[in-house]
Amino acid sequence: MYRRLIAPGALAASLLLAIPASAADFTPGASGIGDSYYPTYGNGGYDVAHYDLRLKYQPKTDLLVGTATITATATQDLSRFDLDFGLTASEVRVNGKKAAFARSGEQELEVTPAAGLPKGTPFTIVVKYAGKPTDVKLWGFTSPQRTPDGAVFANEPESAAWWFPSNDHPLDKATYDVSVTVPDGTQAISNGTLQSQTSKLGWTRFNWRSSHPQATYLTTLAVGKFDITKDTTSDGIPVINAYSKDLGANEGAAKASVERTTEVAEWLESVFGKYPFEALGGYVPNVPSGFALETQTRPFYSPKQFANGSNVSVVVHELAHQWYGDSVSVDGWKDIWINEGFAAYSQWLWSEKEGEGTAQELADYVYAQHPADDPFWKVKPGDPGAANQFDGAVYDRGAVAIQALRNAVGEKKFFKILKGWPAQHAYGNAKVSDFVSYAEKVSGKPLAALFDTWLYQPSKPAQPAARAAAAPAQPKSWKKIAATHQVHAEH
Ligand SMILES: [Zn+2]
């Protein structure tokens, strides 16, 4: 229903005005959500509430066949909207009626519904599709990875468009039902809780549910042959971990690390507050890549993270993201420090707890390790640019910035900030500037100059957060911490 107010007496004009908004008032949604680093990521004009993905994947051929049912609300009078998607759609329906659709560029699927969608109205999109995800190149790269027995969809900042149509940006979070059928003897791993698993005519269906808001890039799917372990935390949260059956020599170290998920999450709760989601876990598929990713409730780990033995530090990093990155997500990709600075710093806190080097020693080490003319100091963690989004400086200099904050506000206020922030913005989005304001509010201190020095100046700060004057020794935890992010995202 769309109606305008009519002034009494304006009867003649009202005949015209009382007509529902004409087609001319309805305009196409933008092809990007407005990210300053990635103008084509996400879309304008609507907000998704839920994705229901019903998929079938054949590991032998890499063929993915699916139906995505998306419930959304129009945020403008919408004549047309885009979905970010790389596979081939065969049919699109909006509110049950067939909609016209066309590809615009390699990653935009333009959908024109039979009738305009008035602002504020909920609507339902159904997309039927098929394709071989690892054949698809978007934005110049292929995101999913084949494994000897299947495939893995986990990447940042882009992953979703290779397996489901979406509004692909952290600003539009939604809940998910991911239902995947795979040949018997193969498993499908995704986020959240496993609602059910059924087998029929040689195929097994796995029904996964993520019931808290989740960003598209944090939505994951892995198909393959896995050893699965199941447990429940003392708070009743189900824990499901999965390990490729062909991890070879890395299997023991992978299990010795990821099986400590509950212990790590419990420790992180003492630092960051209550765990924000309904499930926990991790999975280690046999991928060729070396990075790990904080896929919501169930991080993805590369076997390479465990090549030198157990690595609880990477588990700490990815689980810390559940608070810093997944529950509180970036507003735009320029805010990446909100994610990576804090996930890196959580590894420093773990190191401190384990007696493998305090956070201060790690900050001293990072500061001393990079001379003033090192390009490391050219990267501004508060606004690194798309090309440097995952540069080591975002992690290391980003974590030094957090140590500088700790030194400026003192232990009590510092840990109050670390715990308060995830609650303040739970299940939402935030900017770096929001964190600066929040830290100022909690500490009662002006901090703009400190954050400007550590996050925004393209030079080595003269006044160190460091306390050691001479070249400090390498803390015991350093090698594992450094290995976490050097391979964090590759494409
Ligand atoms: Zn990270």
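The values are calculated or read from the model by the stated rules, or taken from the named source; none is laboratory data. Remember, predicted model here, so these are calculated numbers, not experimental data. All Cβ positions, even for glycine, are placed from backbone atoms using ideal geometry, and neighbour counts span all protein chains on display. Ligands, DNA and RNA are stripped out before the accessible areas are found, and what is left, the full protein with its side chains, is counted by its heavy atoms. Shrake-Rupley method; radii C 1.70, N 1.55, O 1.52, S 1.80 Å.
At-a-glance table
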read-out: The lone exception for Trp377 - which of (1) farther than 24 Å from Val264 by Cβ; (2) out of contact with any helix residue (DSSP H, G or I) (no Cβ under 7 Å at 6 or more places or on another chain); (3) open to solvent by 60 Å² or more (accessible area, probe 1.4 Å) it fails; value: (3)
read-out: Number of positions in the stretch 437-463 that are part of a helix (DSSP H, G or I) and in contact (Cβ under 8 Å) with a residue 12 or more places away in the chain; value: 11
read-out: Any chance Ala115 is farther than 30 Å from Gly282 by Cβ, at pLDDT 95 or above and not in a strand (DSSP E or B); value: yes
read-out: Matching entry among Glu263, Glu259, Glu294 (being within 16 Å of the ligand (Cβ to nearest atom) and closer than 18 Å to Ala320 by Cα); value: Glu294
read-out: Residues of the stretch 255-274 satisfying the condition of being outside any helix (DSSP H, G or I) and of a type outside the set (Asp, Glu); value: Arg260, Gly273, Lys274
read-out: Residue in the stretch 337-345 that is of a type in the set (Ser, Thr, Tyr) and under 24 Å from Trp421 (Cβ atoms) present; value: yes
read-out: Hey, Ser36 open to solvent by 20 Å² or more (accessible area, probe 1.4 Å), in a loop (DSSP other than H, G, I, E, B), in contact (Cβ under 8 Å) with a residue 40 or more places away in the chain and among the small types (Gly, Ala, Ser) or not; value: yes
read-out: Candidates Thr112, Thr27, Thr61, Thr40, filtered to the one that is under 28 Å from Val180 (Cα atoms) and polar (S, T, N, Q); value: Thr61
read-out: Considering residues of the stretch 380-395 that are open to solvent by 10 Å² or more (accessible area, probe 1.4 Å) and within 16 Å of the ligand (Cβ to nearest atom) only, the residue nearest to Ala344 (Cα to Cα); value: Gly392
read-out: Residue that is nearest to Val239 (Cα to Cα), among those in the stretch 302-322 that are in a loop (DSSP other than H, G, I, E, B) and within 12 Å of the ligand (Cβ to nearest atom); value: Gln322
read-out: Residue selected from the stretch 331-380 under the condition among the small types (Gly, Ala, Ser) and assigned to a loop (DSSP other than H, G, I, E, B), by the criterion nearest to Pro39 (Cα to Cα); value: Gly332
read-out: Number of the exception - Ser199 against (1) open to solvent by 10 Å² or more (accessible area, probe 1.4 Å); (2) in contact with a Ser or Thr (Cβ under 9 Å, 6 or more places away or on another chain); value: (2)
read-out: Output for the stretch 206-248, where each listed residue is in a strand (DSSP E or B), aliphatic (A, V, I, L, M) and touching a helix residue (DSSP H, G or I) at 6+ places or on another chain (Cβ under 7 Å); value: Val239
read-out: Test for Leu171: is it of a type in the set (A, V, I, L, M), under 17 Å from Asp35 (Cβ atoms), at pLDDT 95 or above and open to solvent by 30 Å² or more (accessible area, probe 1.4 Å); value: yes
read-out: Breaking point among (1) touching a residue at least 24 places away in the same chain (Cβ under 8 Å); (2) open to solvent by 60 Å² or more (accessible area, probe 1.4 Å); (3) within 20 Å of Trp333 (Cβ to Cβ); (4) in a helix (DSSP H, G or I), for Trp421; value: (2)
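Residues checked against (1) more than 23 Å from Ser211 (Cβ to Cβ); (2) of a type in the set (S, T, N, Q); (3) touching a strand residue (DSSP E or B) at 6+ places or on another chain (Cβ under 9 Å); (4) surrounded by 24 or more Cβ atoms within 10 Å (Cβ to Cβ):
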{"site": "Arg298", "(1), (2), (3), (4)": "no, no, yes, yes"}
{"site": "Lys304", "(1), (2), (3), (4)": "yes, no, no, no"}
{"site": "Ala307", "(1), (2), (3), (4)": "yes, no, no, no"}
{"site": "Ser310", "(1), (2), (3), (4)": "yes, yes, no, no"}
{"site": "His317", "(1), (2), (3), (4)": "yes, no, no, yes"}
{"site": "Trp323", "(1), (2), (3), (4)": "no, no, no, yes"}
{"site": "Lys334", "(1), (2), (3), (4)": "yes, no, no, no"}
{"site": "Phe342", "(1), (2), (3), (4)": "yes, no, yes, yes"}
{"site": "Gly355", "(1), (2), (3), (4)": "yes, no, no, no"}
